[in-house]
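Engineer: To start, I am sharing the structure in question, which I have written as structure tokens.
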Amino acid sequence: MNGEEVHDGPTHEETAEVLRVDDLRVWFPVLSSTLRRRVGWKKAVDGVSLSIGRGETLALVGESGSGKSTTGRSIVRVQKVTSGRISLLGEDITDLRGRALRERRRHLQMIFQDPTGSLNPRRSVAQVLDESLHAQGLSDTTVLKRRQQLLEQVGLAEYYGSKLPHQLSGGQRQRVGVARALSTEPSLVVCDEPVSSLDVSIQAQILTMLARLQADLGVAYLFISHDLTVVRTLASSVAVLYSGRLVEIGPVESLFTRPRHPYTAALIAAVPRGNPDLPASERIYLRADSSPEGSPDGQDQGCSFRCRCWAYELLGRPEVCRQVGPPPALQPAPGEQPSASCHFPDEVADLAATELPLLQHPSTSNLHPEEVE
Amino acid sequence: MTQAETTSTDAKMRSRHGWDVLRAVASNRLALCALVFTAALLVLAFIGPLVLPTSPYHTDLNNLDSPPSWSHLFGTDRSGRDVFTRVVYATRTSLTVGFTSVAIYIVIGTVLGTVAGYFGGIVDAVVSRTVDALLSIPLLLLATVFVAFLRPGVVTVILVIGLLGWPATTRLARAETLSLRESDFIVAARVTGLTPTRIMRTHVLPNLVATLIVVASLGVGIAMLLEAALGFLGLGIKPPTPSLGVMITEAKNSLVLRNSPWIWMPPSAVLALLVMAVNVVGDALRDALAPTSDGGAL
Amino acid sequence: MSHPTTTEPPLVLEISDLDVRFRSPRGPVHAVRGVSLHMLRGEVLGIVGESGCGKSTTALAIPHLLPTSATVSARRLSVDGVDLTAKADAYLSIRGTKLGMVFQDPSSSLNPTMTIGRQISETLVLHQRLGRRAAMDRARELLGQVGIRNYERRLTEYPHRLSGGERQRVMIAIAIACSPPVLIADEATTALDVTVQAEILDLLRTLRAEFGTAVMFVSHDLGLVGDFADRVAVMYAGRIVETGTVREVLRYPRHPYTVGLLGCAPRLGSVAREPKPIEGMPPDLSVPVVGCAFRQRCPRAVDRCAVDDLVLVGSPKHSLACWNPHPATSPTGLDGAEAVPGVRS
């Protein structure tokens, strides 16, 4: 499948693109409980393609089990890939190993969700940073200088260097994680739910810091999150994942105001608005709980989202949804509207506007006080 | 030289922690007792032979099998040798056997286990199957075969225990490495471009230390008991070389057992207390080395 | 079940001057410092704040579920007329029957070795002295009520077969099995996906409407509380700093902390505004707090904040503890009312 695409080689301008992922698949074998035989595949990521430009932020959103973390881990090459291609700065890194991979890795870093688990409990902040700096072959004096600079960039005073992780607060630990990621001067940082385990006020500190660092250093982010509001503040474009597939991808503004896939619309509608005056029951547009029975078996020919789709009924249960799988969502060219993996993207966008009243008023969500002083 | 710099910061960290760890261990009263006891025995066992007036082989023909007295603190055995002197020498032998053999197998086990756990695949399969095979044969049986090909003696006993004891440690180190490998900080280390050797040395090993200390402290006890058992079976250290095992063996004779308790009780008591003390110190060390303990405040 | 008519609904929960201290190696931690609150029948009270502010501790202190290292004292603590300060084991008579609880982690709050049906009926057998069969029938009915599909079959299944959302529904079924007048939901939707969260909230709304259950909704998410609660209490460092109706407090917040918290929350608005962080960190509660605990982080702090203790002042609709609050009239919070035409405000 997609044979030509995989072997075609890069056709894009090499200057703009930091990361390109083509038709990425990560399948895990499902083993039978008794004989440990493979009885099927769990398709954690199933044909995801995306690209990120220099200094851009692409947000990867989806609910638990949608494959967003697996995608992120595949990109930094800590997760084995079943098929597909990952190119970094125009160079295919999918099959790199050992030394060659280690050398490319400085361009590609990661920030983790759990700031505690991502730091070795026995190593001080300085040790963590120095180690990474030494690995780049820097001289001792340069290492010292860089370490101070990194701590300053993430807003930690120099004396934090001697602290062990358990002596830091959650937010400070995450700052150390960011400093470690920046230590190699990467072109792309995969941020895997970097603020989900933090309190709102600390979350805001980290988010503004990430935005500032991007402006200063021109680093690109792949920002993985389940939280749409967080994504809204930081991303330039958004990719929505649903059970391992991209259902919609496009620029943040139009994707949030005029979603073209029913799942995206449902996700946005489900975000709490903080407004008691909004009609409550009109929020639920995904049918059925995400129980195992909810998804049709692998034999089904049609759209896999159909049995949870709110638009399916409204569109009069179209034949095509049952017969043919929807086209994949592919990153639109700049200035174009989002691409949705749906047979009826325009109809859905119109329906969403009339049927989901909350979508019409995204601004009602703001719990945002004006400047008071 | 870049390596050297980092290693020196490591060393600084470690020495800064040295006192904290000791203070933490000492804050636990039981552990403090055990620590003092072990230290006292160590001093006695290694300084004693330099200052004691008599040799463990010297026979006092005027005092055969005599109960404790001022001239013979723990009495004499049936050959007229001073029991106290022999216990001191025997403790030295047992401690040497215990610590050296455990050191050998901890090193082997940790290296094999870490490598198997970190790399997985074929390496892991080979190591794991060997471990399974070795664990399925009783150690004492293996030791018997081993000793049959070598001359019995202290070095042989150390080699037997050291070279056969590693499977359990390997299995443990492998399991811990497997779970550590999945943790975010190891993933982060891989992503920053560190080499596998470096990751294993600075990120995996330090986090295995706590477990290894417990294993080692249990191991030292077991090794000393094993030495005694081998001696008891006549496969270990041969008399007249004093070892705790050899001395306890003398109680095989029911006459000695019943009528001359001073011959077997001191070595047995030393062995039992020593095994206990080492275990207690090991436990306390593990707690003290936990990264969250600020010199044992928690 | 008799529904209250036009008169003021009865008080189902009353707490005054609740104090909780935890023993810790660094000395006592004063986690809750004089919290007073009440709930009326059928009312949803949201308790919001960041981790360590004492919101969960307050909730857990009511059914006596805090660890043994905690010392709890209160001038008054009563649930549905039962005075919990009167007898040391009075809490036993309210757990399950007068007060249900739903916790954050739906995967660890169910026993993995017991069928769903058994776990629900257990409560019924214990509290309502129902027979096995009758309890099972009621369990079936409850599963239907909490909206689990195929509930006939689910009854005999084990928790691992359920999704996170379904497990939380089962937890709610257990919590409401004896129709308690008060339900405490401690971050009950935090671990769930947004779409599932919306469904669970809807379920809680239905329960409230049908049975008049009062819900204490403990959450860190202001948006969620704003959607769901009638009244809200904002906690900081073991105290309620601002409380009142959701409309008042979230639309016209006056306490600088509430304003700050609202400013941090990222929004879904059409013009993405940068969240404005509150710099600094909450205080260490093992050190006695003098004056206002927020003053080091507060942009409006005045001299008085450092010395004088504060009390909540104001009306039931809106009261706060601050020496220099934002002026009463400025709409600093939700600017949503005019943006939603056709919705009453």
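Engineer: Straight distance only, please: which lysines reach the Cα of A:LYS145 with their own Cα at less than 22 Å, same-chain residues fewer than 8 apart left out?
Structural biologist: Within reach: A:LYS163, B:LYS12.
Engineer: Which whole number gives the average count of other chain Cβ atoms within 10 Å of the Cβ atoms across peptide C:162-168?
Structural biologist: That average works out to 3.
Engineer: If you roll a 1.4 Å probe over the heavy atoms of the protein chains, what accessible area per residue do you get for the protein assembly as shown, in Å²?
Structural biologist: 43
Engineer: From other protein chains only, count the Cβ atoms within 10 Å of every residue's Cβ in A:101-110, then give the mean. Walk me through the numbers on the way to the answer.
Structural biologist: Details: counts 2, 7, 1, 1, 5, 3, 1, 2, 4, 6.
Mean shielding count: 3.
Engineer: Excluding ligands, DNA and RNA, what is the accessible area buried between chains A and B, summed over both sides, using a 1.4 Å probe, to the nearest 100 Å²?
Structural biologist: 2800
Engineer: Can you give me the distance in nm between label points at A:LEU35 and B:LEU42, each placed 7 Å from the Cα along the Cα-to-Cβ direction?
Structural biologist: For A:LEU35 paired with B:LEU42, the spin-label model returns 5.8 nm.
Engineer: Given a 10 angstrom Cα cut-off, can you work out which residue in C:GLY100, C:GLY165, C:GLY223 is the most mobile in a GNM of chain C?
Structural biologist: In the Gaussian network model the winner is C:GLY223.
Engineer: Please turn the phi angles of region B:260-271 into ³J(HN,Hα) values with the Karplus equation 6.51 cos²θ - 1.76 cosθ + 1.60 (θ = phi - 60°), one per residue in order, whole Hz, x for glycine and proline.
Structural biologist: Values, residue by residue: 10, x, 5, 6, 9, 5, x, x, 5, 4, 4, 4 Hz.
Engineer: Compute, for A:TYR159, the solvent-accessible surface of its heavy atoms (probe 1.4 Å) with the complete set of protein chains present, and express it in square angstrom to the nearest 10.
Structural biologist: Only protein atoms counted, so the area is about 130 Å².
Engineer: I would also like to ask the following. With the dipole of the protein assembly as shown worked out from charges on the C-beta (+1 for Lys and Arg, -1 for Asp and Glu) around the Cα centre, which of A:GLN174, A:VAL39, B:LEU159 lies farthest toward the positive end?
Structural biologist: Checking the options against the dipole of the protein assembly as shown, the answer is B:LEU159.
Engineer: Considering only protein heavy atoms, with the full assembly of protein chains and a 1.4 angstrom probe, order C:MET171, C:MET281, B:MET276 by accessible area, largest first.
Structural biologist: B:MET276, C:MET281, C:MET171
Engineer: Can you list the lysines whose alpha carbon sits under 30 Å from that of A:LYS42, skipping same-chain ones fewer than 8 residues off?
Structural biologist: A:LYS68, A:LYS80
Engineer: I'd like the accessible area for A:ARG180, computed on protein heavy atoms only with a 1.4 Å probe and all protein chains in place. Round to 10 Å², please.
Structural biologist: Only protein atoms counted, so the area is about 20 Å².
Engineer: Could you compute how fast region A:1-159 diffuses translationally, taking Rh as the Kirkwood radius over C-alpha pairs and applying Stokes-Einstein at 25 °C with viscosity 0.890 mPa s? Give it in µm² per second.
Structural biologist: 133
Engineer: Specify the inter-centroid distance of region A:226-276 and region B:201-252, based on alpha-carbon positions, in whole Å.
Structural biologist: 64
Engineer: Still on this structure: Hey, can you rank A:85-97, B:134-146, A:29-41 by average C-beta count inside 10 Å, highest first? Kindly include the intermediate steps, with their values, before the conclusion.
Structural biologist: Working: A:85-97: 17.2, B:134-146: 13.8, A:29-41: 10.2.
Per-residue mean Cβ counts within 10 Å order the peptides as A:85-97, B:134-146, A:29-41.
Engineer: Roughly how many whole Å is it from the C-alpha centroid of region B:121-149 to that of region B:162-180?
Structural biologist: 13
Engineer: Hey, in the GNM for chain C with a 10 angstrom Cα cutoff, which one of C:GLY131, C:GLY54, C:GLY263 fluctuates hardest?
Structural biologist: Between C:GLY131, C:GLY54, C:GLY263, it is C:GLY131 that shows the largest mean-square fluctuation.
Engineer: Turning to a different aspect of this structure: Let me check something: with ligands and nucleic acids excluded, how do C:VAL72, B:VAL97 order by accessible area (1.4 Å probe), largest to smallest?
Structural biologist: Descending order: C:VAL72, B:VAL97.
Engineer: How many angstrom lie between the C-alpha centres of region C:220-298 and region C:53-73?
Structural biologist: Answer, in whole Å: 22.
Engineer: Can you pull the mean other chain C-beta count within 10 Å for peptide B:204-214?
Structural biologist: Shielding by partners across B:204-214 averages 1.
Engineer: To continue, here is another question. How big is the charge dipole of the protein assembly as shown about its Cα centre, in debye rounded to the nearest 20, if each Lys and Arg gets +1 on its Cβ and each Asp and Glu gets -1 on its Cβ?
Structural biologist: Working: 100 positive and 97 negative charges, 612 e Å.
With Lys and Arg at +1 and Asp and Glu at -1, about 2940 debye.
Engineer: Further question on the same structure: Given a Förster radius of 56 Å and the C-beta distance between B:MET276 and C:HIS160 as r, what FRET efficiency does 1/(1 + (r/R0)^6) yield to the nearest 0.05? Could you put the intermediate results ahead of the total?
Structural biologist: Working: r = 43 Å, r/R0 = 0.78.
Efficiency at R0 = 56 Å is approximately 0.80.
Engineer: I would also like to ask the following. Quick one: pull the percent of accessible area on region A:167-236 belonging to carbon and sulfur, 1.4 Å probe, ligands and nucleic acids left out.
Structural biologist: C and S atoms contribute 42 percent here.
Engineer: Given a 1.4 Å probe and heavy atoms of the protein chains only, how would you sort A:SER339, C:SER51, largest accessible area at the top?
Structural biologist: C:SER51, A:SER339
Engineer: Give the value in nm², to one decimal: projected area of the alpha carbon convex hull of chain B, averaged over all directions.
Structural biologist: The Cα convex hull of chain B, projected and averaged over all directions, gives 19.0 nm².
Engineer: Suppose each label sits 7 Å from its Cα in the direction of the beta carbon; what would the C:ALA88-A:ASP346 distance come out to in nanometres?
Structural biologist: It works out to 7.6 nm between the two label points.
Engineer: Show which lysines lie in cross-link reach of C:LYS55 when reach means a straight Cα distance below 21 angstrom and same-chain residues fewer than eight apart are skipped.
Structural biologist: Answer for C:LYS55, where 21 Å is the Cα cut-off: C:LYS98, C:LYS317, listed by chain and number.
Engineer: Per DSSP H run of at least 4 residues, take -39500 (n - 2.57); add these up for chain B, divide by its residues and hand me the 222 nm value, nearest 500 deg cm²/dmol.
Structural biologist: Only helices count here, giving -24500 deg cm²/dmol.
Engineer: How far is it, in nm, from the label point at C:GLN128 to the one at B:LEU52 when both lie 7 Å from their Cα along the line to the Cβ?
Structural biologist: It works out to 8.0 nm between the two label points.
Engineer: Just the number, please: buried accessible area between A and C, total of both chains, 1.4 angstrom probe, nearest 100 square angstrom.
Structural biologist: Looking at A and C, the buried total is near 5600 Å².
Engineer: Still on this structure: Between B:LEU64 and B:ARG29, 0.36 nm times their residue separation minus their Cα-Cα distance comes to what?
Structural biologist: Value of the extension gain: 8.4 nm.
Engineer: Now for a separate question. Can you tell me the FRET efficiency between A:GLU158 and A:GLU185 if r is taken as the Cβ-Cβ distance and R0 is 22 Å, rounded to the nearest 0.05?
Structural biologist: In this case the efficiency is close to 0.60.
Engineer: Keeping the other protein chains in place, figure out the carbon and sulfur percent of the accessible area of chain B, with a 1.4 Å probe.
Structural biologist: 71
Engineer: Return the FRET efficiency for the residue pair A:ARG104, A:GLN148: r is the Cβ-Cβ distance, R0 is 22 Å, and the value is rounded to the nearest 0.05.
Structural biologist: Efficiency, rounded to the nearest 0.05: 0.25.
Engineer: Please work out how much length the chain gains when fully extended from A:ALA16 to A:GLU313, using 0.36 nm per residue of separation minus the C-alpha to C-alpha distance, in nm with one decimal.
Structural biologist: Length gained between A:ALA16 and A:GLU313: 102.7 nm.
The values are calculated or read from the model by the stated rules, or taken from the named source; none is laboratory data. As the structure is a computational prediction, the values presented were derived from the model and not from experiment. FYI the Cβ positions are ideal-geometry reconstructions off the backbone, even for glycines, and counts take in every protein chain you see. Note: areas computed on protein heavy atoms with side chains; ligands, DNA, RNA excluded. Shrake-Rupley method; radii C 1.70, N 1.55, O 1.52, S 1.80 Å.
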